[in-house]
Amino acid sequence: MYSEDIDNSAAIERGGDDVYSRPVRAGKRTYFFDVKATKGNDYYLTITESKRRIEKDGRFAYDKHKIFLYKEDFEKFSQGLEEVISYIKERCPVVEKTEDDSRSSAGREESAPFSNVDFEEL
C-alpha cells in the first residue's frame, strides 16, 4: 500500500458499499473479511482485526487494525500468506491437546470461555 493509498483509504472506506462480510472468531480476536464496492462498482477487500480489552473503568473497548487489499494485489498477497503459513507449520506443527492437557490448563487465560462480541460497538 502506498502512502497516498493510506491517505485515501478512509475516504474509500466511507464511500464503499458493503457487498459481503465474513467474521472469523479466533480466541480473543475476531477477524472481519469485508468485500466493499467503490462507486464504480469495483470490489476491494478490507481485513480488520478486532481485539477486546477492558478499560480502567471496567468498560469494554476494542482495538481495531485494518488492511485494505485491492484486487490487483490478491495474487501476490495470497502467495506471500501461503508461503509464511507453510513456513510456520513446517517449523512449529500444531500439537493436539489431550483431555489431560485441558484439565491442567483450567483457570488459565487461554481456557477462558469465548465471550460474544457486540458487533454494534465495533
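The table that follows gives values for the structure above.
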read-out: Gain on full stretching of the segment that runs from residue 56 to residue 22 - 0.36 nm per residue minus C-alpha separation; value: 9.1 nm
read-out: Whole-Å semi-axes of the ellipsoid equivalent to the stretch 17-83 (Cα gyration tensor, √5λ, descending); value: 27, 16, 9
read-out: Likely footprinting exposure, 64, 36, fewest C-beta neighbours within 10 Å first; value: 64, 36
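Bear in mind that the values in this text are calculations on the coordinates, not laboratory data. Nothing here was measured: the structure is a model prediction, and the numbers come from that model. Note that we place each Cβ from the backbone using ideal geometry, even for glycine, and neighbour counts take in every protein chain shown.
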